[in-house]
1. Please specify each residue of segment 496-541 satisfying the condition of being among the polar types (S, T, N, Q) and in contact (Cβ under 8 Å) with a residue 24 or more places away in the chain.
2. Return the only residue of Val358, Val381, Val353 being touching a strand residue (DSSP E or B) at 6+ places or on another chain (Cβ under 6 Å) and either touching a residue at least 40 places away in the same chain (Cβ under 8 Å) or outside the structural domain of Lys424 (by TED's automatic domain parsing) (or both).
3. Where in segment 1-105 are there strands (runs of 3 or more DSSP E), lying fully within it, with 3 or more residues that are modelled with pLDDT of 95 or more, hydrophobic (A, V, I, L, M, F, W, C) and in contact with a Cys (Cβ under 9 Å, 6 or more places away or on another chain)?
4. Can you name the number of the only condition in (1) touching a Ser or Thr at 6+ places or on another chain (Cβ under 9 Å); (2) in a loop (DSSP other than H, G, I, E, B) that Ile368 fails?
5. Among the residues of segment 599-632, which ones are outside any loop (DSSP other than H, G, I, E, B) and either of a type in the set (Asp, Glu) or at pLDDT below 95 (or both)?
6. May I ask you to list pairs of residues, at least six apart or on different chains, whose Cβ atoms are under 8 Å apart, with the first in segment 601-630 being small (Gly, Ala, Ser) and the second being assigned to a strand (DSSP E or B) and at pLDDT 95 or above?
7. Which one of these is within 25 Å of Ala92 (Cβ to Cβ) and in contact with a Pro (Cβ under 9 Å, 6 or more places away or on another chain): Cys356, Cys337?
8. Across segment 533-572, what is the number of residues that are more than 13 Å from Ile259 (Cα to Cα), out of contact with any helix residue (DSSP H, G or I) (no Cβ under 8 Å at 6 or more places or on another chain) and small (Gly, Ala, Ser)?
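The values are calculated or read from the model by the stated rules, or taken from the named source; none is laboratory data. Not measured: the values here are computed from a predicted model. Note that each Cβ is placed from the backbone with ideal geometry, even for glycine, and that neighbours are counted across all protein chains shown.
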Amino acid sequence: MNSNFPNLLKPLDLGFTTLRNRVLMGSMHTGLEEVKNGYKRMAAYFELRAKGGVGLIVTGGIAPNFRGWVAPFSSKLTSKRIARKHRLITEAVHKYDTKICMQILHAGRYGYHPFNVSASNIKSPIAKFKTKALSESSIQSTINDFVRCSKLAKYAGYDGVEIMGSEGYLINQFIVKRTNRRNDKWGGSYQNRIKFPLEIVRRIREELGKEFIIIFRLSMLDLVEGGSTWEEVVQLAKELEKVGVNIINTGIGWHESRIPTIATMVPRGAFSWVTKRMMGEVDIPLITTNRINTPEIAEKVLADGHADMVSMARPFLADPEFVNKAIENKSEEINTCIACNQACLDHAFKGKVASCLVNPLACHETEIILKKISKVKSIVVVGAGPAGLAYATTAAKRGHKVTLIEKSNSIGGQFNMAKKIPGKEEFHETLRYFQVMLEKYKVDIKLNTTFNSSMANQYDKVILATGIIPRKPKITGIDHPKVVGYIDVLNNKVNIGSSVALIGAGGIGFDVAEYLSHKGESTSLKTSLFMKEWGVDMNFLSRGGIEGIKPDISKPERKIYLLQRKNGKVGAGLGKTTGWIHRFSLRNKEVKMINNVEYNKIDDKGLHYTRNKKEFVLEVDHVVICAGQLSNNSIFESSKMVNNNTEIIGGAFLASELDAKKAIDQAVRSAANV
């Protein structure tokens with residue numbers, strides 16, 4: 001079969017072994033590493049991706065010793081007893097023509113425990129615990145631990161290792177002056193500061209021989225002040241090649257950087273230009289990464305000479321069949337990663353098992369099993385929002401006869417508003433995927449149709465996914481002409497004036513603030529605009545790619561106030577890994593965030609409120625209500641009276657703290673058992 005992706009699917013010859021294509025499933029810590037039956041669950045998880053066609057897999061980070069833990073009792077490889085457990089994983093992957101490398105990650109000062117160490121005793125701004133500088137003897141023993149870990153990885157059946165030298169972890173902490181203030185042979189000059197990574201690689205190659213893959217994750221763009229210059233990055237890359245690295249993987253940004261690198265508002269393939277600068281500087285293959293989520297983007301990156309290989313991590317959570325679908329020229333069937341981070345990174349940083357908003361089966365392969373059914377049921381799903389779409393497509397995939405009823409003229413529900421927010425354009429992809437799946441599994445779609453309970457007896461099972469209705473807070477003047485709902489704003493039913501107050505600072509409030517504060521083309525759609533907005537030097541003349549560079553942000557068109565009742569940080573309930581981005585973005589656009597508010601009234605003058613026992617008036621043109629939702633479940637009881645086999649899911653089931661992650665997860669789990 002002639003593929004639309006010849007560069008992506010071309011084998012990569014490493015001399016002693018060949019990768020079947022140019023696709024790397026990048027490292028992700030899923031939390032399976034630490035749970036009961038974790039190795040069995042990881043084996044199923046990785047096997048499905050190997051079966052799905054990926055050429056090379058890199059595991060989540062494994063510490064070489066306990067001081068390298070990311071958190072207490074997180075995964076480490078220090079004995080043959082542990083290594084033998086890893087064989088479940090390597091044997092599962094090797095059933096297919098896929099290689100797998102284990103990532104060795106020493107957290108350094110990022111370790112969330114009191115035993116963390118670094119090049120110097122400089123505490124991380126994002127860590128809770130102080131850090132201790134490694135002594136000369138401790139440096140040597142740490143290098144020995146990296147070597148021992150590599151030997152154990154080979155014993156476990158891994159084809160190689162990836163040395164984590166980026167993202168601000170221990171090795172990165174030795175490389176830059178920002179965190180290395182030593183005055184011995186491991187500090188001072190750049191040549192001294194890079195001895196640590198070079199000695200690790202040299203010793204691993206010496207001990208493991210030539211036919212063992214060594215990938216080095218090189219921080220090519222630190223995105224922190226005091227980071228490496230481009231000349232220093234190139235120098236290290238060349239030295240790494242000399243000591244035996246087979247592949248260099250691009251690392252972008254430190255965890256403490258205040259610039260988004262993988263969130264949904266980052267343009268697709270936004271950082272491949274960094275890897276392209278390195279092309280030709282070394283003779284070993286280079287991998288580029290970050291926000292590559294479709295085979296079309298991956299193919300273009302390779303065709304344009306930006307890299308020799310592409311790394312995609314979260315896209316393999318979203319769809320384990322990504323590569324096989326590309327091979328079969330069925331990219332429209334790929335369940336695209338939307339880079340929301342809600343079920344993957346947010347879970348990982350909370351110590352929970354990761355999954356995927358658009359694919360709840362990810363990391364739960366042994367728990368949620370979609371079996372073909374023996375008896376076909378006639379099922380009606382009412383409501384084509386995220387929960388309804390997930391249920392309908394899952395049940396139909398299993399073989400049930402499914403009818404989907406939607407009162408509006410399109411599928412999508414709240415996603416149709418989400419996709420309009422600058423930086424959330426990826427929601428288009430989820431709706432495209434669901435539309436393709438509805439057609440593939442022959443779901444009978446009835447748009448512009450209202451379901452009533454008398455229709456319930458026509459089906460074996462009724463699923464009510466009727467969603468939510470906006471909550472209307474009890475405020476004097478809530479019906480004033482100045483007051484509008486967020487749905488009216490996002491559907492462009494009202495022209496919002498030059499000053500506006502938003503009541504409610506949850507996800508909806510932040511989305512509406514972003515929508516109203518944005519001017520011109522969405523920066524998430526164009527790399528050059530994004531880099532200017534966040535102050536990244538694409539010429540790389542500044543240290544770390546940002547030092548001395550100011551963000552270039554256009555003056556906002558309107559004055560916006562974002563208010564919440566709760567005391568504490570505005571938007572504290574936003575995603576752990578993306579909330580700070582939303583707050584930064586709105587502050588840069590001069591959005592005024594106000595907490596601890598008691599709403600008094602709304603009148604011709606504007607919004608009256610009390611804060612800290614003082615009364616204020618915001619003289620605004622409009623007040624937008626973003627104060628949460630209520631379940632739209634009014635037909636549940638009457639439907640259940642007609643058909644006792646009636647179930648309610650998604651926002652209609654529980655509107656408080658509703659998000660698409662919970663709605664889709666509930667829907668898929670229910671449809672897996674119908």
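1. Across segment 496-541, the qualifying residues are Ser498, Ser499, Ser517, Ser522, Thr523, Ser524, Thr527.
2. Within the list Val358, Val381, Val353, the selection yields Val381.
3. Because the criterion is at least 3 residues that are modelled with pLDDT of 95 or more, hydrophobic (A, V, I, L, M, F, W, C) and in contact with a Cys (Cβ under 9 Å, 6 or more places away or on another chain), the strands (runs of 3 or more DSSP E) in segment 1-105 that meet it are 56-62.
4. Result: Ile368 passes all but (1).
5. The answer is Asp603, Glu615, Gln629, Leu630, Ser631.
6. Note: pairs meeting the criteria are Gly606/Ala501; Gly606/Val617; Gly606/Leu618; Gly606/Val623; Ala627/Ile503.
7. After ruling out the rest, the residue left standing is Cys337.
8. Number of matching residues: 4.
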